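S.K.: I'd like to ask you about the structure that follows.
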Amino acid sequence: MEAADAWLLDGEKRLVIDGRLVRASDGGLREVIEPASGAPLAKVSSAGAVDAAQAIEAARRAVDDGPWPRMRMGDRAARLEELSRLSAEDHAILARIEARDSGRPLRETSVDAACAAKALRRAAQLSVAAEGSWRRTGRTAEALTLPLGRGVVVVAAGAHAPLRSAVLAVAPALAAGNAVIVLPDVRTPLTALRLGELSRLAGFPPGVLQVLSGGRDAGTALARADAVDLLAADLGVEREDWLGAARGARPLLSAPRAKGTLVVLNGADPVIAAEHALLGACYGQGALPFGVQRVIAERKVHDHLVLQLIARASTLTLGNPIDPDCELGPLASEGAREAVEAQIAAARAQGATLVHGGAPADDPRVGNGFFLRPALLVGGGPELGVWTRDVPGPLLLIHDAPDREHALAALPAEGPVGVFGASAAGTSEFAASLFERDLFIDTWNLPDLLQDPEATPWAAEDFTRSRHVLRAAPDGPAWYQTS
């Protein structure tokens, strides 16, 4: 039996509170459903408001009275390095757990598991590099800016890349000396709980890194608690009720969530453009920022592109995400699939034509899982309600533009843009027109982008405040000398 499968079967997965593995205070349990089969995958403790209060109290002690924020950065970095090492050793287990938990293919979750270990190591190295860097601030003085933690940070992770979305916030937050409470999505809590177990082995003090797999009561309690100093949410392209509870309470950081648009010009190779469009639409089940939802094609290439998209979508291998040949797994839950199907129906009602997919897979090999063949919708553009609404699923809206001016005009106001077939002059034109937008030229290779820990929605400074220290410069004149 695979080590990951053995862990899943090894009893109830418990909360990580104050350095201990504990059951929910009210004995609450939740079954995690495997998206590929629709069957129970594991049982996890379901935290409530009482558990959230206990975690906040432990985090507050760690920040106000504990050693973590008062350590030398090098000592904190050593714990992060150890967690990085343990995560790297646990790579295959984390990747398999996440594939079974989220429905994403193993080839994708392996990228995320590797990125998580790299992100922890990078945060450790950056924190050490920031320590002790004095700069000359005048004729007589030097200054040192010390990053200090904000205090207690709650990290809400999304359902569709739960390990990645958690660790990319957790790593810099811990490096800055914060105490962190991770709130994973109720559908996909398992890799966060596994990470919490690893943190206990890495030597983090009690209360520094805690994980609560809980529902609405726990989330609302964390969002509204006065003792929480910062909320950080990376929920993919979904807009959860939790954000509504959080607004107006604590400071809130929310990761960018807009999906992207491809512009395919007349000189583009439709085979290459179709390959990248489908990769962007299907990677992460179509629920990740930097995914693709819209394709705007100039008229001469439009029909060829549609044919190539249909041909490539027809060959995608749907199946169990732990199968190495799987290219597209199930959505994270039945509710997620129904939500995507509703958006497809709405687009068709407004005049779009479904030319491929958009329905559960009829392949007997996929059983009762929450599968959905990628939907290709032609004939709808900015007039569709869904054009500017990000849908967390494998969906492409294909718009026919008479020329590049109309193509530019059809672009939504947010989200990254990819351009295929632009000349050097055309590239400059698009870059100037799309000021402050992320721009991809002749590529949309998400696996390359997402294996880089620097491709993160967060900056280390998001989790810090600053304290300035001044000292006399060793070679500076006395303060009273004017020349």
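S.K.: Could you tell me which numbered condition residue 434 fails, if it satisfies all but one of (1) free of Cβ contacts under 8 Å to residues at least 40 places away in the same chain; (2) within 15 Å of residue 293 (Cα to Cα)?
M.R.: Looking at each condition in turn, residue 434 falls short on (2).
S.K.: Is there a residue in segment 320-328 that is touching a Phe, Trp or Tyr at 6+ places or on another chain (Cβ under 9 Å) and not acidic (Asp, Glu)? Before the answer, list the steps.
M.R.: Of segment 320-328, the ones touching a Phe, Trp or Tyr at 6+ places or on another chain (Cβ under 9 Å) are 328.
Among the residues that remain, those that are also not acidic (Asp, Glu) are: 328.
Checked segment 320-328: at least one residue is touching a Phe, Trp or Tyr at 6+ places or on another chain (Cβ under 9 Å) and not acidic (Asp, Glu).
S.K.: Against the definition (in contact with a Phe, Trp or Tyr (Cβ under 6 Å, 6 or more places away or on another chain), aliphatic (A, V, I, L, M) and crowded, with 21+ Cβ neighbours inside 10 Å), how does residue 331 come out, yes or no? Explain how you work it out, then say what you get.
M.R.: On the way: in contact with a Phe, Trp or Tyr (Cβ under 6 Å, 6 or more places away or on another chain): yes; aliphatic (A, V, I, L, M): yes; crowded, with 21+ Cβ neighbours inside 10 Å: yes.
Considered against the rule, which asks whether it is in contact with a Phe, Trp or Tyr (Cβ under 6 Å, 6 or more places away or on another chain), aliphatic (A, V, I, L, M) and crowded, with 21+ Cβ neighbours inside 10 Å, residue 331 comes out as yes.
S.K.: Is segment 342-353 home to any residue that is farther than 22 Å from residue 306 by Cβ and without any contact (Cβ under 8 Å) to a residue 12 or more places away in the chain? Don't jump to the end; show me each part of the working.
M.R.: Within segment 342-353, the subset farther than 22 Å from residue 306 by Cβ is 342.
If we keep only those that are without any contact (Cβ under 8 Å) to a residue 12 or more places away in the chain too, we end up with 342.
Within segment 342-353 (the criterion being farther than 22 Å from residue 306 by Cβ and without any contact (Cβ under 8 Å) to a residue 12 or more places away in the chain), the answer is yes, since at least one residue qualifies.
S.K.: Give me the residue from segment 17-57 that is of a type in the set (Gly, Ala, Ser) and buried (at least 22 other Cβ atoms within 10 Å of the Cβ) and, out of that set, modelled with the lowest pLDDT. I'd like the intermediate steps shown before the answer.
M.R.: Applying the first criterion (of a type in the set (Gly, Ala, Ser)) to segment 17-57 yields 19, 24-25, 27-28, 36-39, 42, 45-49, 52-53, 55.
Going one step further and asking which of them are buried (at least 22 other Cβ atoms within 10 Å of the Cβ), we end up with 24, 36, 42, 45-47, 52, 55.
Values: 24: 96, 36: 93, 42: 96, 45: 96, 46: 96, 47: 96, 52: 97, 55: 98.
So the residue we want is 36.
S.K.: Among what's in segment 442-478 and is more than 19 Å from the chain's Cα centre (by Cα) and crowded, with 16+ Cβ neighbours inside 10 Å, pick the residue that is nearest to residue 262 (Cα to Cα). Explain how you work it out, then say what you get.
M.R.: Taking segment 442-478 and keeping what is more than 19 Å from the chain's Cα centre (by Cα), we get 442-443, 464-478.
Next, only the ones that are crowded, with 16+ Cβ neighbours inside 10 Å stay: 464, 473.
Working: 464: 36, 473: 54 Å.
Within segment 442-478, the match that is nearest to residue 262 (Cα to Cα) is 464.
S.K.: Can residue 114 be described as touching a helix residue (DSSP H, G or I) at 6+ places or on another chain (Cβ under 8 Å), crowded, with 24+ Cβ neighbours inside 10 Å and assigned to a helix (DSSP H, G or I)? Explain how you work it out, then say what you get.
M.R.: Working: touching a helix residue (DSSP H, G or I) at 6+ places or on another chain (Cβ under 8 Å): yes; crowded, with 24+ Cβ neighbours inside 10 Å: no; assigned to a helix (DSSP H, G or I): yes.
No, not satisfied.
S.K.: Given the conditions (1) touching a strand residue (DSSP E or B) at 6+ places or on another chain (Cβ under 7 Å); (2) closer than 30 Å to residue 235 by Cβ, which single one is not true for residue 449?
M.R.: Every listed condition holds for residue 449 apart from (1).
Each row is one residue, and each column tells you yes or no for (1) of a type in the set (Gly, Ala, Ser); (2) in contact with a Gly (Cβ under 6 Å, 6 or more places away or on another chain).
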| residue | (1), (2) |
| --- | --- |
| 319 | yes, no |
| 323 | no, no |
| 332 | yes, yes |
| 336 | yes, no |
| 340 | no, yes |
| 343 | no, no |
| 347 | yes, yes |
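S.K.: Scan segment 414-428 for residues that are surrounded by 15 or more Cβ atoms within 10 Å (Cβ to Cβ) and of a type outside the set (Val, Ile, Thr) and jot them down.
M.R.: Of all residues in segment 414-428, those surrounded by 15 or more Cβ atoms within 10 Å (Cβ to Cβ) come to 415-422, 426.
Within segment 414-428, 415, 416, 418, 420, 421, 422, 426 meet the criteria.
S.K.: Within segment 442-483, which residues are hydrophobic (A, V, I, L, M, F, W, C) and at pLDDT below 80? Steps first, please.
M.R.: Our first condition is that a residue be hydrophobic (A, V, I, L, M, F, W, C); within segment 442-483, this holds for 444, 446, 449-450, 455, 458-460, 463, 469-470, 472-473, 478-479.
Listed by number, the residues that qualify are 446, 449, 450, 455, 469, 470, 472, 473, 478, 479.
S.K.: Out of the residues in segment 392-413 that are touching a Ser or Thr at 6+ places or on another chain (Cβ under 8 Å) and at pLDDT below 90, which is surrounded by the most Cβ atoms within 10 Å (Cβ to Cβ)? Break it down into steps so the answer makes sense when it comes.
M.R.: Step one: of segment 392-413, the residues touching a Ser or Thr at 6+ places or on another chain (Cβ under 8 Å) are 408, 411-413.
Okay, now just the ones that are also at pLDDT below 90, so 408, 413.
Numbers: 408: 16, 413: 7.
Per the stated criteria, the residue is 408.
S.K.: Select from segment 222-251 the residues that are over 23 Å from residue 391 (Cα atoms) and modelled with pLDDT of 75 or more and list them in ascending order.
M.R.: Going residue by residue through segment 222-251, those that are over 23 Å from residue 391 (Cα atoms) are 222-231, 248-251.
Of everything in segment 222-251, those that are over 23 Å from residue 391 (Cα atoms) and modelled with pLDDT of 75 or more turn out to be 222, 223, 224, 225, 226, 227, 228, 229, 230, 231.
S.K.: Being at pLDDT below 90 and of a type in the set (D, E, K, R) is the filter; apply it to segment 347-364 and report the residue that is nearest to residue 388 (Cα to Cα).
M.R.: 362
S.K.: Can you tell me which residues in segment 275-311 are of a type in the set (D, E, K, R) and in contact (Cβ under 8 Å) with a residue 40 or more places away in the chain?
M.R.: Of all residues in segment 275-311, those of a type in the set (D, E, K, R) come to 275, 294, 298-300, 303.
Within segment 275-311, 294, 298, 299 meet the criteria.
S.K.: Would you be able to tell me the number of residues in segment 263-277 that are within 20 Å of residue 447 (Cβ to Cβ), in contact with a Lys or Arg (Cβ under 7 Å, 6 or more places away or on another chain) and not small (Gly, Ala, Ser)?
M.R.: The total comes to 1.
The values are calculated or read from the model by the stated rules, or taken from the named source; none is laboratory data. In this text, all values refer to a predicted model and were calculated from it rather than measured experimentally. For neighbour counting, all protein chains shown are included, and Cβ atoms are generated from backbone atoms with ideal geometry for every residue, glycine included.
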